[in-house]
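The values are calculated or read from the model by the stated rules, or taken from the named source; none is laboratory data. The model shown is predicted, which means the values in this text are computed figures rather than measured ones. Heads up, the Cβs are rebuilt from the backbone with ideal geometry, glycines too, and the neighbour counts pull from every protein chain shown. What goes into the accessible areas is simple: the full protein's heavy atoms, side chains included, and nothing from ligands, DNA or RNA. Shrake-Rupley method; radii C 1.70, N 1.55, O 1.52, S 1.80 Å.
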Amino acid sequence: MTAMVQTKMLKDPAASPAIVSLKGVSKTFSNGTVALNNLSLDIHEGEFVSLLGPSGCGKSTALRIITSLTSPTSGRVEWPQEETKQKEHELSFVFQEPTLMPWAPVFANVWLPLRLKGISKRDAHDRVMEALEMVGLAQFSKSYPRELSGGMKMRVSIARALVTKPKLLLMDEPFAALDEITRFKLNNDLLNLWETFGWTVVFVTHSVFESVYLSNRIVVMAARPGRVVNDMPIDAPYPRDEKFRTSPVYSGFCREVSEALHAAMDAGDHL
């Protein structure tokens, strides 16, 4: 994938319209565990937002509520730019594991969401190949998952999410199981795609370093019960590269976010 050459500074997020808003969302599971408590969060058009926090703080639950994979116990999810009666939202979800069909080639795995919408293989061909081209895997369309590395499998999973051309891309720790070199490479590729196509991304991670590198905004959450304790802008220009990773600006943001994360963990422990 070709790197971007221009510098991109995002406008104040509050100046762009919200794509999705969580309003006082709480979630209590049947065993009594309170995953989220009164969570309010606006995701604005064009943002790259990371949800950062310890295990059990409700980051993944928040994503699942946005996608309607689970329902809130109280509160609501609003889509300000969509029709009130609209049932399907223009979003895609990338899970922590690639969740590919092992018996099917790469093309069929990426075609799946279009196939479920009733789009034939012939009609979907160009869109599937375009998505594979975006992630640098067009030449592997006939390969099977067992023939791919872990990073390549995740690229297929991302291509499958992109084939529907979503406005909102939700990613639940997609690179957590990968080695550091592969993770850095996919971070760079993801940013290039985000800058090129202007998506809105919500990215769940445990990594301070990854969140600072990727995001223009980090939402820090505390556990027991899950809630937002800090909403931090990362006011650094794009594109970001290895020079940014070693810059004083990056180190400073990592230090600030790390301090906020430790404060969030203390906040959880004291409840």
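Considering the stretch 95-168, its Cα convex hull presents a mean projected area of 4.7 nm².
Toward the positive end of the charge dipole of the chain, with +1 on the Cβ of Lys and Arg and -1 on the Cβ of Asp and Glu, the farthest Cα among 104, 203, 139 is that of 104.
Heavy-atom accessible surface of the chain, averaged per residue, reaches 49 Å², computed with a 1.4 Å probe. Mean projected area of the convex hull spanned by the Cα atoms of the chain, taken over all viewing directions: 15.2 nm².
When only Cα pairs below 8 angstrom with a gap of at least 6 residues are kept, the chain shows a relative contact order of 27 percent.
Between 221, 232, 171, the GNM of the chain built on Cα springs shorter than 10 angstrom shows 232 fluctuating the most.
Considering every Cα-Cα pair within the stretch 54-129, what fraction, in whole percent, is farther apart than 19 Å? Summing the P(r) of the stretch 54-129 above 19 Å gives 55 percent of all pairs.
Beta bridges assigned by DSSP with both partners in the chain are antiparallel in approximately 50 percent of cases.
Ordering 44, 206, 262 by how much accessible area each has at a 1.4 Å probe, largest first, what is the list?
262, 206, 44
Computed from the C-alpha gyration tensor, the three semi-axes of the ellipsoid equivalent to the stretch 212-271 are 26, 11, 7 Å, from longest to shortest.
List the chymotrypsin sites (Phe, Trp or Tyr not before Pro) within the stretch 55-145 that DSSP assigns to loop and that have no more than 16 neighbouring Cβ atoms inside 10 Å.
For chymotrypsin sites (Phe, Trp or Tyr not before Pro) across the stretch 55-145 that sit outside H, G, I, E and B with at most 16 neighbouring Cβ atoms in 10 Å, the list reads 95, 103.
Among 185, 167, 243, the largest mean-square fluctuation in a Gaussian network model of the chain, built with springs joining Cα atoms closer than 10 Å, belongs to 243. Per atom type, the chain shows carbon and sulfur on 53% of its accessible surface, probed at 1.4 Å. Mean residue ellipticity, 222 nm, helices only, the chain: the sum of -39500 (n - 2.57) across DSSP H runs of n ≥ 4, divided by residue count and rounded to 500, is -11000 deg cm²/dmol. Shown for the chain are the DSSP H helices of 15 Å or more along their axis, judged by Cα atoms, with a mean Kyte-Doolittle hydropathy of at least -0.5: 106-116, 150-162, 180-197, 248-269.
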